[in-house]
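Notes follow the structure.
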Amino acid sequence: MGTAASYSRSVKTLSRCADRSSRVYYSSIWMVLTLLALTCVPGTSRALAQVELSWSPSMVKGPPGAPVTIIEFSDYQ
Amino acid sequence: MLEEYDGRVRLIFKDRPLAMHTLARPAHEAARCAGAAGKYWPYHDRLFAAQPAFRRADLLAYAGELGLDRDAFAKCLDERRFASDVDRDIEQAQALGINSTPTFLINGQLVIGATSLEEFRSIIDKALRERR
């Protein structure tokens, strides 16, 4: 499991509703991400929270350099 | 779908067992035990195929089907070796306000609920265009 790391580079703005003020940062090691999550539901376009995410390498599919990252929060039941 | 995008998409799975799903929590911990043995994704797929049969005996049986060492797996499960890791995922989800499943973040864009493949493709294609 990753730990907090310095943020080496900004990646991109997130979405149309994020263009005004929000960016997402990936850490230099790919196990930690600080994410500014946004909601794009009409009428509620605003930042929700800035949260540092970590994950297990075994729970990842696809290359670390992929231009699109999908983070799935799910429940087996 | 990942194969369709051929290295352009990465998927990260995060545990978000809901409190009302009383059998889910041990299943999430079991999947991480399988992951420690190099079989996370086969076990993950087995759980979704078997839901909601997640009693201890079921979880051990699935490990056996995948060729995992049943004793070592049982020890991992009984010790709740990955409980704190699942807790961490839950805390991160709650901090993001994610209280239903499935919920996706696609390059930071929130997508709540089961979504059609066509809609997924549309969101991914848009994210790819924005990265060019």
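Here, each number is a calculation from the coordinates, and none is a lab measurement. In this text, all values refer to a predicted model and were calculated from it rather than measured experimentally. Every residue, glycine as well, gets a Cβ built from its backbone with ideal geometry; the counts of neighbours run over all protein chains shown.
Quick notes on this one:
- Sorting A:55, B:41 by the number of Cβ atoms found within 10 Å of their own Cβ, with the fewest placed first, yields B:41, A:55.
- On full extension, the segment bounded by residue B:78 and residue B:20 gains 18.7 nm, given 0.36 nm per residue less the C-alpha separation.
- Straight Cα distances below 13 angstrom link residue B:75 to the aspartates and glutamates B:29, with same-chain residues fewer than 8 positions distant left out.
- Sorted largest first, extent of the stretch B:2-97 alpha carbons per principal axis (Å): 37, 32, 22
- For the stretch A:60-77, 3J(HN,Hα) computed residue by residue from phi via the Karplus equation (6.51, -1.76, 1.60; θ = phi - 60°) reads 10, 10, x, x, x, x, 4, x, 10, 10, 9, 9, 10, 9, 9, 10, 5, 8 Hz, glycine and proline entered as x.
- For the stretch B:41-132, the Kirkwood hydrodynamic radius comes to 16.1 Å, computed from all pairs of different C-alpha atoms.
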